[in-house]
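A.B. asks: Sharing a structure with you now.
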Amino acid sequence: MFGFFSSASSFFSFFSNICFVVFIIAAADAETTTPSPAPAHCSLASNTSCDECLQNVACLWCSLNQQCIDYPVKNILPPSSVCPLNDARWGVCWVNFQILIITMSVLAGVIIIAILVCCFCCCKCERIGSSREDAQVERQTRARKARQKARKTEIQMRHDEIRHKYGITKENPYARMNDH
């Protein structure tokens, strides 16, 4: 069951030793890394440039009053009392929130429409494919029935020939055979 291990206990012993080694390596690595310095307060970058302000991801640049402010994380979008959306910059200086919102809305709409079109096309193609399969199955069924009918008539003709050969033909197929 466990490959080259002789028993389950040797497998679990091996597994626990591997986990212990990984834990020791992770602990040693954690001790050698130095903590990163705390990010500078955003207001210190006010009256500088947009690029300097946006180096810190927690900052929002308002080009209206050239202020670098903390991003209001309680809201998804910064309220207009903090900075109008047309003048707010976050992440990159060349895109304001208003353009970002419009672009993201259009992209989301295009993606949703594309998904719906794909689903519609897949369902339609599936229906077309199943109707093709249904037509093919119907043709095969008709061909099978035609072959069965041909075999049945052939067998009936052979039986009639045998009856005729031995003189046991009946005028009325429902009449009893008389002993002659």
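The values are calculated or read from the model by the stated rules, or taken from the named source; none is laboratory data. On a predicted model such as this, the values are computed, not experimentally measured, just so you know. Cβ atoms come from the backbone with ideal geometry, glycine included; neighbour counts cover every protein chain shown. Keep in mind that these areas ignore ligands, DNA and RNA; they rest on the heavy atoms of the full protein, side chains included. Shrake-Rupley method; radii C 1.70, N 1.55, O 1.52, S 1.80 Å.
A.B. asks: Ordering ILE115, ILE69, ILE168 by how much accessible area each has at a 1.4 Å probe, largest first, what is the list?
C.D. replies: Largest accessible area first, the residues go ILE115, ILE168, ILE69.
A.B. asks: Rank-order 116-125, 87-96 by packing density, defined as the average count of other C-beta atoms within 10 Å over each peptide's residues, highest first.
C.D. replies: Answer by packing, highest mean first, reads 87-96, 116-125.
A.B. asks: Rounded to the nearest 10 Å², what accessible area does GLU52 have for a 1.4 Å probe in the complete protein model?
C.D. replies: 100 Å²
A.B. asks: Obtain the nm distance between the two label points defined at ASP160 and PHE120 by a simple spin-label model: each point lies 7 Å from its Cα along the Cα-to-C-beta direction.
C.D. replies: Label-label distance for ASP160 and PHE120, simple model: 6.0 nm.
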